[in-house]
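Below: the structure, in structure tokens.
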Amino acid sequence: MFDIITDSACDLTLDTAKQLQIEVVPFYVSLDGEHYRKEGKEIAVRDFYQFMVDNPSAYPKTSLASIEDFEQAFRAHAAAGRDVLCLVFTSKMSGCVGSARNARDLVLEDFPDARIEVIDSAAATVTESPILPLPSPPWWKTPWPCGTQAARWTRP
């Protein structure tokens, strides 16, 4: 068995992620261009969007999840002896894949037998969540290359 980790760009609600036992590593958002907060943890997603509605001239900024955020998540799973499948926001629009892969490499230095697979979803925002290996009809038949890649990795 394996655990699933993704980033908050997948737009799963906290309740859905909890129900499906998917760990979500948050992106960072800034409303003022200076102070960044973890999306979904330090600022509710609804509050972020409400800010944009209430302040149409404001330009909030986002930043990818850090290497340290992914490392913390991967390290906990590796220490518990759990395999990890991590699907992240497209590398065409973000450095999130690089952060996750660098974090994996750091964790593998201490846990060389850990199995941590980081897959570029090649998808953005809500199109990322249907790729996650959910207990629904064959998720590996998604039109995205990562669906096939993830299916190969998860099958014995």
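Quick note: the coordinates plus some simple rules give every number you see, no bench work behind them. Owing to the predicted nature of the structure, the values given are computational and were not obtained by experimental measurement. Because the Cβ atoms are built from the backbone with ideal geometry, glycine has one as well, and the counts that use them run over all protein chains shown.
Quick notes on this one:
- Here the 3J(HN,Hα) profile of segment 56-71, calculated from phi with Karplus coefficients 6.51, -1.76 and 1.60 at θ = phi - 60°, is x, 8, 7, 10, x, 10, 10, 9, 5, 5, 7, 4, 5, 5, 5, 4 Hz, Gly and Pro shown as x.
- Computed from label points 7 Å out along Cα-Cβ, the spacing between residue 21 and residue 68 is 3.0 nm.
- On the basis of the beta-carbon distance and an R0 of 41 Å, residue 42 and residue 83 show a calculated FRET efficiency of 0.90.
- Amide H contacts of residue 11 (H built 1.01 Å from N, in plane; Pro and chain starts excluded): no residue 5 or more places away or on another chain comes under 5 Å.
- Rounded to the nearest whole angstrom, the semi-axes of the ellipsoid equivalent to segment 1-62, taken from the Cα gyration tensor as √(5λ), stand at 26, 12, 8, largest first.
- Virtual paramagnetic centre 7 Å along Cα→Cβ of residue 115, amide N under 15 Å, in segment 1-25: 1-5
- Taking amide H atoms as placed 1.01 Å from N in the peptide plane, the amide H of residue 3 lies under 5 Å from those of 83, 84, 85, each 5 or more residues away in sequence or on another chain.
- Across segment 3-17, computed HN-Hα scalar couplings (Karplus, 6.51 cos²θ - 1.76 cosθ + 1.60, θ = phi - 60°) run 9, 10, 10, 9, 9, 6, 5, 5, 6, 6, 6, 4, 5, 5, 4 Hz from first to last residue, x flagging Gly and Pro.
- For residue 39, distant residues with modelled amide H under 5 Å away: 27, 28, 29
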